[in-house]
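Report on the structure given below.
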Amino acid sequence: MLNNKYLGIIIIIAILIIGFNIWYLILPPEYNTENGEIEITANQPLLGEENAILYMEDGFIPKTLKIKLGTTVTFKNNSLKSLWIASDNHPTHALYPATDGCIASAFDSCKSIKQGEIWSFKFDVAGNWGYHNHMNHNDGGTIIVE
């Protein structure tokens, strides 16, 4: 049977490991802010992948993301707010031209994404696609598909 000394050391190590993992998930990446655009650098991808966007208390990070045609972008809710990813323009959600979504566009999560949850979307149409949080339409960003 483990004595209290070893049990305490094991608990401290477990807390450090869990704390590091939480810190890594919310750590902001390094940004390139040339020309007013914010891009994720290859050095610090979010969620362990290049094409990820976090929703924080003060909005989306990054606000603008450039991707190649056919790329999947993953959105993660790291806030206490409700998040519903939707194509612009609010409230029609019809900017992204592919249909089959719950309102007008396929680029629509069609439901609230809770804290810690993710939602992914594959961009098959080139262009500049604005999006917003349907639950707070003032929070938004842009995906540039080349």
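The values are calculated or read from the model by the stated rules, or taken from the named source; none is laboratory data. Not measured: the values here are computed from a predicted model. Neighbour counts are summed over all protein chains in view; Cβ atoms, including those assigned to glycine, are modelled from backbone coordinates with ideal geometry.
Key figures
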read-out: Given (1) part of a loop (DSSP other than H, G, I, E, B); (2) under 16 Å from residue 54 (Cβ atoms); (3) at pLDDT 90 or above, number of the condition residue 81 does not satisfy; value: (3)
read-out: Residues within region 73-83 that are over 21 Å from residue 145 (Cα atoms) and hydrophobic (A, V, I, L, M, F, W, C), tallied; value: 2
read-out: Qualifying positions in region 104-115 - touching a strand residue (DSSP E or B) at 6+ places or on another chain (Cβ under 7 Å) and in a loop (DSSP other than H, G, I, E, B); value: 105, 107, 109, 112, 114, 115
read-out: Every residue from region 82-102 that is of a type in the set (Val, Ile, Thr) and surrounded by fewer than 14 Cβ atoms within 10 Å (Cβ to Cβ); value: 92, 99
read-out: Close pairs from region 113-138: first farther than 14 Å from residue 87 by Cα, partner among the small types (Gly, Ala, Ser) and part of a strand (DSSP E or B), Cβ under 9 Å, at least 6 apart; value: 118/52
read-out: Test for residue 129: is it surrounded by 14 or more Cβ atoms within 10 Å (Cβ to Cβ), modelled with pLDDT of 90 or more, more than 16 Å from residue 72 (Cα to Cα) and not polar (S, T, N, Q); value: no
read-out: In region 84-101, residue farthest from the chain's Cα centre (by Cα) [restricted to those that are in a strand (DSSP E or B) and farther than 16 Å from residue 124 by Cβ]; value: 86
